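Working notes, beginning with the structure itself.
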Amino acid sequence: MANLQPTRLRLRPSEHRALLFFGDLLMAIVSVFAAAYTFREYRRYLLVADGFKPGVIERLLENDFTPFWFYLLPLIWLLLMVELYEPHTAANWRKTIRGITIAAFLGLVIYSLVFIIRVEPTSLPRVGVGAFLLYASLLTLLWRLLYIRFYSSAGQLRHFIVVGAGKAGHTLAKVYIDQNPPPFNLVGYVDDDPQKLGSKVLDFPVISQSFDLLDIVEKYKISDVVVAVSGVIQGTTFQTILDAQEQGVEVMRMPTLYEEMTGRVPIHHLESDWIIRSFTDQARVSGMYLLVKRLLDVIGGFVGLLIFFILFPVVALAIIVDSGFPVFYSQPRSGQGGKVFKIYKYRTMHKDAEADGEVRPTEENDPRVTRVGDFLRKVRLDELPQFWNILLGEMSLVGPRAERPELVASFQKKVPFYRARLLAKPGLTGWAQINYGYVATVRDTEVKIEYDLYYIKHRSLIMDFNIILRTISTVLSRSGR
């Protein structure tokens, strides 16, 4: 069999995000210069309408400088677009149009607020800002639609075959079906169990056994082989997979593909030594990362407490009027390594929320939550007192949610690897919080722990900044969890 050429345009999620970022940045830079030109021509039109002569007009325009901050608008635009940097979100044209529309609207609202409290009336070129938002919206939309076309085309070129039609293979099929649009073509499965031949994993056929893998690769133009074998893999199967790799096919394990598609770790499909290999290796988190992260926590803690003191009179009065005293409440929570500390929050539930003494996680539309408390939770204002915990070093700006020791003890008996989330310091916000809603069932808890473990495994300063920016977007849209 002739060697296969590696499929072109095989990009990882991080590479997709980089492509999206640089494309958006280019569109924003073009937009800001186009907006500056539009503003200049608008000024020329006004001067002509006022009867100024051409020579005078040119001299006035030469002295009419565009403020420096105007050229920082591309950076602000990128921040407003932060929700659209997940590849699967960016590949959906409905979500893309919605995200760009929201970004333009928020930009207009922010500028309007700044314009109202401006100091120098001539320092804010309204026409220039409006033109930038218009150009940036249109050019970014055009670029993103081209990206979606590219993403779909690249996905059509990638043909996947899965080795193993068992539990891990079923999980992969379920995740694949939820992708819209699909990132690749899932051709089917190969499995060495003769009883599975001719059957289907959801809608995908079990084509043959592993000894036919090379023929299947050639027949279906397979670009990627996914190994979803639970337990020990047979030597002949392993050798066949290696032979396919030598032919130019990319080989990956099921957990790796699961992480790429979902941003989660598949806790039910991990080897027994996974925690040791993935988490306890100290080289995964550098001392410099921890140092910079702590520095950012201290700075963020001081800024957060400043906001807390500014808003305290209004928030405290609202709580008292709605449901009386106390304004605050504290609870023991499990921190890094299981160390218990006391967390501080604004009270958002009725005073007898746990009168029976039973510890229960908060659910969506929880009847224990007060009217003011519901609003505080949606905009995350109830968590402002936790900046004190951050300053003390008990929490971080970003990390897994700090849970009550009773819930930790309960969930670690039901959810695989649950206690592994205590390897990192708990955070005010986190990967699970921005990607998933309230936890009401054990299955919800499993999904959240998958997000938490993904964060712990892949944490970096760039990921932390992304989570913080997406949290700000969540606060502005009042969709807090």
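The values are calculated or read from the model by the stated rules, or taken from the named source; none is laboratory data. All values reported here derive from a predicted model rather than from experimental measurement. Because the Cβ atoms are built from the backbone with ideal geometry, glycine has one as well, and the counts that use them run over all protein chains shown. With ligands, DNA and RNA removed, areas are computed over all heavy atoms of the protein, side chains included. Shrake-Rupley method; radii C 1.70, N 1.55, O 1.52, S 1.80 Å.
In table form, for the structure just shown:
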{"item": "Accessible-area ranking of I102, I456, largest first, probe 1.4 Å", "result": "I102, I456"}
{"item": "Accessible area, probe 1.4 Å, largest first, for residues D243, D215", "result": "D215, D243"}
{"item": "Reach of K221 by Cα under 24 Å, taken over lysines that are not fewer than 8 positions away in the same chain", "result": "K174, K196, K200"}
{"item": "Integer Hz, Karplus 6.51/-1.76/1.60 couplings in order for segment 423-435, x for Gly and Pro", "result": "5, 10, 5, x, x, 5, 9, x, 4, 5, 5, 8, 10"}
{"item": "All-pairs Cα distance distribution in segment 192-242, expressed in whole percent, bin size 5 Å", "result": "4, 17, 28, 31, 17, 3"}
{"item": "Check: segment 183-274 dipole with +1 on Lys, Arg Cβ and -1 on Asp, Glu Cβ, in debye", "result": "280 debye"}
{"item": "Mean Cβ count within 10 Å, highest first, over the residues of peptides 463-469, 301-307", "result": "463-469, 301-307"}
{"item": "Amide H partners (placed H, <5 Å) of R253, local residues excluded", "result": "V227"}
